[in-house]
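The values are calculated or read from the model by the stated rules, or taken from the named source; none is laboratory data. Every value quoted in this text rests on a predicted model; they were computed, and no experiment measured them. Every residue, glycine among them, receives a Cβ derived from its backbone with ideal geometry; neighbour counts consider all protein chains shown.
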Amino acid sequence: MAQETGNAPVRVDLGERSYDIWAAPGCLNQIGEIVLHIVNPTRAVVVTGTGAVERYGRLAADRLDEAGIPTELLRLRSGERYKTLRAVERLYHGMLRSGLDRKSVVVAVGGGVVGDVAGFAAGTYMRGISFVQAPTTLLAQADAGVGGKTGVNLPEGKNLVGVFHQPRAVLMDTETLATLSARDYLSGMAEIVKHAFIRDADFLDWLRWNADRLDPARRDAAALAQAVRRSCEIKAAVVVADETEAGIRAVLNFGHTVGHALESLGSYRRLTHGEAVAIGMVAACRIGEELGITPSNVTMTVRETLRSIGLPTALPPGMEPEAVARHMMADKKATSGRPRFVLLQELGQPVYGVEADAAAVLRALERSRE
Ligand SMILES: NC(=O)c1ccc[n+]([C@@H]2O[C@H](COP(=O)([O-])OP(=O)(O)OC[C@H]3O[C@@H](n4cnc5c(N)ncnc54)[C@H](O)[C@@H]3O)[C@@H](O)[C@H]2O)c1
């Protein structure tokens with residue numbers, strides 16, 4: 001990693017749909033000028049959540065108003081269980097009431113749920129209008145805020161309905177992370193180290209050297225901006241190479257095949273997404289060991305890094321390897337009922353689409369009990 005990546009925005013180069021990501025402490029204050037300059041909309045709706053995040057939604061709405069953009073604030077109930085078509089429908093009605101037309105903009109200020117729901121509403125309202133994102137959780141800054149995936153859950157499963165709808169601009173204000181719960185903060189850290197594991201061993205070293213500044217108790221906004229920016233650069237490079245996940249974008253799912261199964265087994269309440277992915281990354285390394293792909297020292301580094309951050313690396317008590325394996329079969333990314341894995345050949349060198357026989361997976365999961 002270039003240790004100092006500067007304050008220049010990260011460019012996501014997708015031709016006509018290219019956009020910039022700003023990651024800096026306090027950058028939410030610039031949202032009025034940025035939206036005016038890039039979108040120049042007739043009106044705006046800021047979509048935010050309920051609770052602590054609402055203040056950032058109000059701040060963004062005030063800044064947009066000050067920039068001369070007529071703006072209304074719409075709130076979504078916070079929580080994964082409100083990531084539904086019903087929530088999208090309520091947004092459509094709010095957007096119509098506010099007079100949004102085809103030249104208006106939807107601005108999402110909140111975590112991944114707000115971003116996914118508001119992005120889906122923007123991508124489908126009047127066949128798609130402009131969308132700007134200001135993610136306020138570490139998970140959304142490191143991951144969900146980049147790449148244009150939007151959508152909602154169905155009772156049958158997560159993210160089963162959605163569209164690719166790239167934002168026009170993304171603002172990641174790392175000062176907003178100060179109010180995040182320690183658990184949500186660590187959940188985002190899992191995605192940041194995931195990007196280091198799959199793409200950049202130097203970034204991993206940088207994260208270790210800066211562990212004190214990134215500690216949940218300290219949350220140094222400048223160090224966070226650097227970590228978020230590098231994370232976005234890594235994700236953006238992968239997205240640019242494969243926008244709609246026909247191939248290489250799959251590497252971003254490192255740890256997710258097992259992780260999704262764990263989240264689902266815990267009814268999406270027992271583990272956060274990041275916790276499940278952390279356990280999943282170690283399990284994937286062990287599957288890689290079983291298949292002769294991942295060297296054991298890589299597994300050790302992955303496990304020790306996650307543990308030192310404070311993330312779990314073992315299956316929670318009561319989650320049995322057989323049950324985890326069964327849930328993996330139901331993963332929507334499993335082709336013809338066989339789960340596929342992203343495995344590490346070395347730090348920074350993933351392989352994707354790897355099928356593993358059931359016995360190897362079970363052995364690896366057995367070893368993941370501790
Ligand atoms: N689109 C993508 O590419 C992508 C990628 C990864 C995850 N996701 C989705 O993201 C969602 C998870 O996102 P998340 O972890 O941000 O969860 P979340 O959106 O539910 O946010 C977690 C909690 O933090 C609160 N919150 C948000 N910002 C805050 C702040 N600054 N201070 C205090 N509280 C704050 C929220 O109101 C919520 O209660 C999942 O639905 C997942 O499917 C999408």
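Taking segment 290-321 only, how many residues are over 16 Å from Leu365 (Cα atoms) and of a type in the set (S, T, N, Q)?
Here the count works out to 4.
Is it true that Val152 is buried (at least 24 other Cβ atoms within 10 Å of the Cβ) and touching a helix residue (DSSP H, G or I) at 6+ places or on another chain (Cβ under 8 Å)? Before you say what the answer is, go through the steps one by one.
On the way: buried (at least 24 other Cβ atoms within 10 Å of the Cβ): no; touching a helix residue (DSSP H, G or I) at 6+ places or on another chain (Cβ under 8 Å): yes.
So Val152 fails the test.
From the residues in segment 238-251 that are assigned to a helix (DSSP H, G or I) and modelled with pLDDT under 95, which one is surrounded by the fewest Cβ atoms within 10 Å (Cβ to Cβ)? So that I can check it myself, show each step before the final result.
Initially, segment 238-251 is screened for residues assigned to a helix (DSSP H, G or I), giving 238-241, 248-251.
If we keep only those that are modelled with pLDDT under 95 too, we end up with 238-241, 248-250.
Numbers: Val238: 21, Val239: 24, Val240: 16, Ala241: 11, Ile248: 15, Arg249: 19, Ala250: 20.
Going through the qualifying residues, I end up with Ala241.
I'd like to know if segment 181-196 contains one or more residues that are more than 16 Å from the ligand (Cβ to nearest atom) and closer than 14 Å to Phe254 by Cβ.
For segment 181-196, residues more than 16 Å from the ligand (Cβ to nearest atom) and closer than 14 Å to Phe254 by Cβ: present.
Each row is one residue, and each column tells you yes or no for (1) closer than 30 Å to Ala223 by Cα; (2) among the basic types (Lys, Arg).
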site: Asn7; (1), (2): yes, no
site: Arg17; (1), (2): yes, yes
site: Asn29; (1), (2): yes, no
site: Val35; (1), (2): yes, no
site: Thr42; (1), (2): no, no
site: Thr48; (1), (2): yes, no
site: Gly51; (1), (2): yes, no
site: Tyr56; (1), (2): yes, no
site: Ser78; (1), (2): yes, no
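Which residues, taken from segment 157-169, are near the ligand (Cβ under 9 Å from one of its atoms) and either of a type in the set (Ser, Thr, Tyr) or not in a loop (DSSP other than H, G, I, E, B) (or both)?
Of everything in segment 157-169, those that are near the ligand (Cβ under 9 Å from one of its atoms) and either of a type in the set (Ser, Thr, Tyr) or not in a loop (DSSP other than H, G, I, E, B) (or both) turn out to be Lys158, Asn159.
Only one of Val88, Val113 is out of contact with any Asp or Glu (no Cβ under 8 Å at 6 or more places or on another chain) and among the β-branched types (Val, Ile, Thr). Can you tell me which?
Step by step, each of Val88, Val113 is checked, and only Val88 is out of contact with any Asp or Glu (no Cβ under 8 Å at 6 or more places or on another chain) and among the β-branched types (Val, Ile, Thr).
Provide a single number: the residues in segment 45-59 that are over 19 Å from the mean Cα position of the chain (by Cα) and of a type in the set (A, V, I, L, M).
The number of residues fulfilling the criteria is 4.
For Thr42, work out the one condition from (1) in a helix (DSSP H, G or I); (2) closer than 27 Å to His93 by Cβ; (3) over 24 Å from the mean Cα position of the chain (by Cα); (4) touching a residue at least 12 places away in the same chain (Cβ under 8 Å) it doesn't fulfil.
(1)
Select the helices (runs of 4 or more DSSP H) contained entirely in segment 53-156, then report the ones holding at least 1 residues which are more than 16 Å from the ligand (Cβ to nearest atom) and touching a strand residue (DSSP E or B) at 6+ places or on another chain (Cβ under 9 Å).
54-66, 85-97
Got a sec? Which helices (runs of 4 or more DSSP H) wholly within segment 270-352 have at least 2 residues that are buried (at least 20 other Cβ atoms within 10 Å of the Cβ), in contact with a Cys (Cβ under 7 Å, 6 or more places away or on another chain) and hydrophobic (A, V, I, L, M, F, W, C)?
Correct list: 296-309.
Which pairs do you get when a residue that is at pLDDT below 90, found in segment 305-332, comes within reach of a residue that is surrounded by fewer than 20 Cβ atoms within 10 Å (Cβ to Cβ) and in a helix (DSSP H, G or I), reach meaning Cβ atoms under 6 angstrom, with the pair 6+ apart or on two chains?
Every condition considered, the pairs that remain are His327/Ser264.
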